[in-house]
Amino acid sequence: MMENGSNQEFEEAHRLWISQHAEQREGEAKGRLLRGHNYAEKLFVQNVWWPLFESLDQLHPEVEIYDWNRKSQFLDFAYLPQNGARFGLECDGFQSHIKDMDREKFSYALNRDSYLTGMGWRMLHFAFDDIQNRPEICRMLLQLALAPYLTRSRTGGPVLASAEKDVLRYAWSLGRAVRPKDVQLHFELNFRTAQKLLQSLSGKNLLQPVGSGQRVRFYEPKAMHPDQIW
């Protein structure tokens with residue numbers, strides 16, 4: 001649960017984000033944004049996306065796409081980094097996406113995802129129950145999906161050595177705190193080298209050391225800006 005200050009920051013960022021996208025749209029695209037971005041979608045942004053990135057840059061709500069018959073459809077979200085990659089993010093409720101589906105709708109949903117995958121989209125689905133009650137699972141899965149595409153370095157940010165990039169991707173993909181021993185075993189390094197790599201990433205403000213007194217037990221990945229993906 002976010003603290004009051006962080007929650008206020010999110011609410012203001014979310015309000016401006018929706019307002020900016022609404023101003024850039026017209027017709028049905030604008031109407032769909034105002035009608036379709038509701039409780040579940042906002043909760044995904046608040047519980048899953050925001051804690052990881054603390055930014056809504058490059059995340060687009062209610063994005064119009066077309067199927068193989070040129071039929072208009074809307075994705076709950078599209079993450080569209082500047083290099084041209086495309087991630088589709090969907091919040092699926094059991095009632096609307098499973099229980100109320102007939103066979104034709106079920107087939108269409110599967111075919112649509114396969115079509116979009118063939119067209120270069122990377123589709124990620126999150127259950128509403130998890131978004132609401134187990135958001136840490138959604139964050140872990142989102143981290144796992146995006147971790148392989150961490151950029152070499154963010155413009156104006158810290159310069160990372162090749163080994164540091166590998167460790168940062170690994171830490172992100174775990175979806176939990178990382179220990180020196182984890183790095184040691186995964187990369188077949190000696191303990192001292194693994195510890196130095198984690199300390200270096202901590203010094204560059206990319207990992208948060210956690211421990212008691214002078215002893216650091218593990219490191220937690222920090223919130224990252226979307227520019228640090230791809």
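Nonpolar atom fraction for segment 5-53, defined as the carbon and sulfur part of the 1.4 Å probe accessible area, stands at 46 percent. If you run the Gaussian network model on the chain, springs between alpha carbon atoms under 10 Å, then out of Gly175, Gly93, Gly118 the most flexible one is Gly118. Could you give the angle, 0 to 90 degrees to the nearest 10, between helix 191-203's Cα long axis and the longest principal axis of the Cα atoms of the chain? Compared with the principal axis, the helix lies near 60 degrees. Report, in degrees rounded to the nearest 10, the 0 to 90 angle that the Cα long axis of helix 103-118 makes with the longest principal axis of the chain. With both axes taken from Cα atoms, the answer is about 50 degrees.
Checking (1) 1.01; (2) 1.04; (3) 0.95 against Rg/Rh (Cα atoms, Kirkwood Rh) calculated from these atoms, the matching label is (1). The C-alpha atoms of the chain define a longest principal axis, and helix 162-174 lies at about 60 degrees to it.
For the chain, the relative contact order is 18 percent, taking Cα pairs closer than 8 Å that sit 6 or more residues apart in sequence and dividing their mean separation by the residue count. Amide hydrogen proximity for Phe77: with H placed 1.01 Å from N in the peptide plane, the residues at 5 or more positions away or on another chain lying under 5 Å are Glu62, Val63, Leu89. Probing with 1.4 Å while keeping every protein chain in the model, the per residue accessible area of segment 118-198 equals 55 Å². Protein-only accessible surface at a 1.4 angstrom probe places the residues Glu104, Glu136 in the order Glu104, Glu136, largest first. Across segment 43-82, the relative contact order, built from alpha-carbon pairs under 8 Å that are at least six residues apart, equals 35 percent. Here's the list of lysines a cross-link from Lys196 could span, going by alpha-carbon distance under 22 Å and ignoring same-chain residues fewer than 8 apart: Lys165, Lys181, Lys204, Lys222.
The values are calculated or read from the model by the stated rules, or taken from the named source; none is laboratory data. This structure is a prediction, so every number in the text was calculated from the model and none was measured. Side chains included, ligands, DNA and RNA excluded: accessible areas come from the protein's heavy atoms. Shrake-Rupley method; radii C 1.70, N 1.55, O 1.52, S 1.80 Å.
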